[in-house]
1. If a residue has to be open to solvent by 40 Å² or more (accessible area, probe 1.4 Å) and in contact with a strand residue (DSSP E or B) (Cβ under 9 Å, 6 or more places away or on another chain) to count, how many in segment 119-129 make the cut?
2. Which one is modelled with the highest pLDDT among residues in segment 155-178 that are under 13 Å from Gly43 (Cβ atoms) and small (Gly, Ala, Ser)?
3. Residue by residue through segment 123-149, note down the ones that are modelled with pLDDT of 85 or more, among the hydrophobic types (A, V, I, L, M, F, W, C) and in a loop (DSSP other than H, G, I, E, B).
4. Pull up segment 1-42, narrow it to residues that are in a loop (DSSP other than H, G, I, E, B) and either open to solvent by 30 Å² or more (accessible area, probe 1.4 Å) or β-branched (Val, Ile, Thr) (or both), then point me to the one that is modelled with the highest pLDDT.
5. How about segment 43-115: which helices (runs of 4 or more DSSP H) wholly inside it have at least 2 residues that are in contact with a His (Cβ under 8 Å, 6 or more places away or on another chain)?
6. Quick one: which residue in Ala120, Ala128 is more than 24 Å from Thr42 (Cβ to Cβ) and in contact (Cβ under 8 Å) with a residue 60 or more places away in the chain?
Amino acid sequence: VAAPAPLGQALLELGAKTAVVVSSQDDSGARAALCEALALRTGGTVLSTQALAAAEMASSSEEGRQMQALQSSGKIVPAPMMVKLLLRAMGSCPAPYVLSDFPRMAAQLKQLEASVGSVACFVQLPGALDRPVEAMVSRLREGGRVHQLAAADATEAAAVLQRVGVWAGGGPPSGPRS
């Protein structure tokens, strides 16, 4: 029996179980619906940094108070804080992880991949992307990690996750989690 991988290595393997769904801001409803359907189909978890940050701020933790102060002063919550929330959620929720609203630019992707390793794939919904998202995605297309969908179809998206090894296939082990 092999010894368990050190925690750092285990964290760097989370990226292999992660898919990011990207679309324009105008398509956020379609993106959210696809993410939920994809999590249901795969038995995985939708992780929304907006929802995680809101829960953290409601918890009155020190980190939540810091986030609240940033938002109150009109600043955005920095990527390292968001990545920390994602890592905590990944530690307590089943894979595959479907990220619905993060990363939205190349710098955020760099922060995420520094913590979890290379994200397995990006599922792109039809339509024009916002400029920062397009800049991030255009670099990733060359590496073959972006998969364009013809429509917001969970069956097609699940096939992509299976093809790239994020999800082994078959039915979900249990109900949806988000």
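1. Final tally of qualifying residues: 1.
2. Ala158
3. Leu149, the sole residue that qualifies.
4. Restricting to residues being in a loop (DSSP other than H, G, I, E, B) and either open to solvent by 30 Å² or more (accessible area, probe 1.4 Å) or β-branched (Val, Ile, Thr) (or both), the top hit is Glu13.
5. Ranges flagged: none.
6. Ala128
The values are calculated or read from the model by the stated rules, or taken from the named source; none is laboratory data. Note that the coordinates shown come from a computational prediction; the quantities given were computed from them, not determined experimentally. Heads up, the Cβs are rebuilt from the backbone with ideal geometry, glycines too, and the neighbour counts pull from every protein chain shown. SASA here: full protein model, heavy atoms, side chains in, ligands and nucleic acids out. Shrake-Rupley method; radii C 1.70, N 1.55, O 1.52, S 1.80 Å.
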